[in-house]
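Just below is one structure, and these are the notes that go with it.
Each reported figure results from applying straightforward, stated rules to the coordinates on display, with no laboratory input. Since the model is a prediction, treat every value here as computed from it, not as a measurement. When we count neighbours, we look across all protein chains shown, and the Cβ atoms used for this are built from the backbone with ideal geometry, even at glycine.
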Amino acid sequence: MINGSVLVTGGASGLGAAVVAKLSQLGRKVASVDLAANSDLAGKDGCASYICDVTDAEKVTELCAQISIELGPIGAVICCAGIAPSSKIHGRNGPHDVALFEKVLSVNVVGTFNLIRAAAPLMKDNQPDENGQRGVFITTASVAAFEGQIGQIAYAASKGAIASMTLPIARELARDGIRCVSIAPGVFDTPMMQGMPEEVRQSIAETIPFPAKLADPDDYAGLVSHILENKTLNGEVIRLDGALRMAGK
């Protein structure tokens, strides 16, 4: 497994919180980065919660340097921060708001890019492991990158960008012994889904071939842990969706 501390964006809730919990249980030094604190890390040795807006390039750069000092060299960055508002190109309230489209791309795409551009120069100076690895980036795409539904144009565009960034990042950073892998989750039982009516949750679950249920965030965290351990996984977008293929709406 990659050495060093692990930085997790979106670490205070949902998939990010599951990753933080899993890796801290495995004894990793974990930095949770979010707009809110991760109270579950209070009192855990070698772990810390940081508040930062991932769209702020200057703050992200400063934070990466701070984490490297406080928790040790960053060996992995897991990008889970993201938003998923819904809007049609032309709906009941008129055309899709351009500012909303820009915000989704800013948080989901630029936020991910900010972490990679800030952490990569630090990672390349890490001591390589026995396989020559110095670090790994794990980003979060979505099945919406491939089967975006009506009303998901901004979200699908942002996740498509994450998916398409994966290979060129892996190719460029290979010279430094740094891998890049993306996970494309299906429908997970996160706070966003938990706020929906039960009948809606059930109808969505029934569209998943197997297991026919909203996915457990711990399964996402488990895949993250495996990617950290598997030195051959690189430049790939891995679907984690129970064989789900999203319908148009």
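Of the trypsin sites (Lys or Arg not before Pro) found in the range 52-155, the ones in coil according to DSSP and having at most 11 other Cβ atoms within 10 Å of their Cβ are 92. Legend: ranking of residues 74, 83 from fewest to most surrounding C-beta atoms inside 10 Å; resulting order 83, 74. Centre-to-centre separation between the Cα atoms of the range 76-155 and those of the range 196-249: 17 Å.
Summing charges over neighbours of residue 110, with a neighbour being any other residue whose Cβ is under 14 Å away from its Cβ, gives 0 when K and R count +1 and D and E count -1. Rounded to the nearest Hz, the phi-derived 3J(HN,Hα) couplings of the range 100-112 under the Karplus curve 6.51 cos²θ - 1.76 cosθ + 1.60 (θ = phi - 60°) are 5, 4, 5, 5, 4, 5, 5, 5, 6, 9, 5, x, 5, where x marks glycine and proline.
Charge tally around residue 235: other residues with Cβ under 11 Å, Lys/Arg +1 each, Asp/Glu -1 each, net 0. From helices alone, the chain scores -11500 deg cm²/dmol at 222 nm; the rule is -39500 (n - 2.57) for each run of n ≥ 4 DSSP H residues, then divide by the residue total.
This ranking places 96, 226, 90 by how few other beta-carbon atoms lie within 10 Å of each, fewest first, which gives 90, 226, 96. Charge dipole of the range 5-240 (Cα centre as origin; +1 on each Lys and Arg Cβ, -1 on each Asp and Glu Cβ, all else neutral): 400 debye, rounded to the nearest 20.
For the residues 113, 137, what sequence is obtained by ranking on other C-beta atoms within 10 Å, fewest first? Can you show the working numbers first?
Numbers: 113 20, 137 26.
With the fewest neighbours first, 113, 137 line up as 113, 137.
Taking amide H as placed 1.01 Å from N in the peptide plane, residue 188 has its amide H under 5 Å from the amide H of 215, each at least 5 places away in sequence or on another chain. Taking the DSSP beta bridges with both ends in the chain, the antiparallel portion is around 5 percent.
What does the charge count around residue 152 come to, taking other residues whose C-beta lies under 14 Å from its C-beta (Lys +1, Arg +1, Asp -1, Glu -1)? Kindly include the intermediate steps, with their values, before the conclusion.
Numbers: positive: 88, 159, 249; negative: 147.
Around residue 152, the surrounding residues sum to +2.
Where the alpha-carbon atoms of the chain are placed on the principal axes, they occupy 54, 36, 35 Å, in descending order. Converting phi to 3J(HN,Hα) with the Karplus coefficients 6.51, -1.76 and 1.60 and the offset θ = phi - 60°, the range 19-28 yields 5, 4, 4, 4, 5, 5, 5, 7, x, 7 Hz in sequence order, with x at every glycine or proline. Spacing of the modelled spin labels on residue 70 and residue 35, each 7 Å from Cα toward Cβ, amounts to 2.0 nm.
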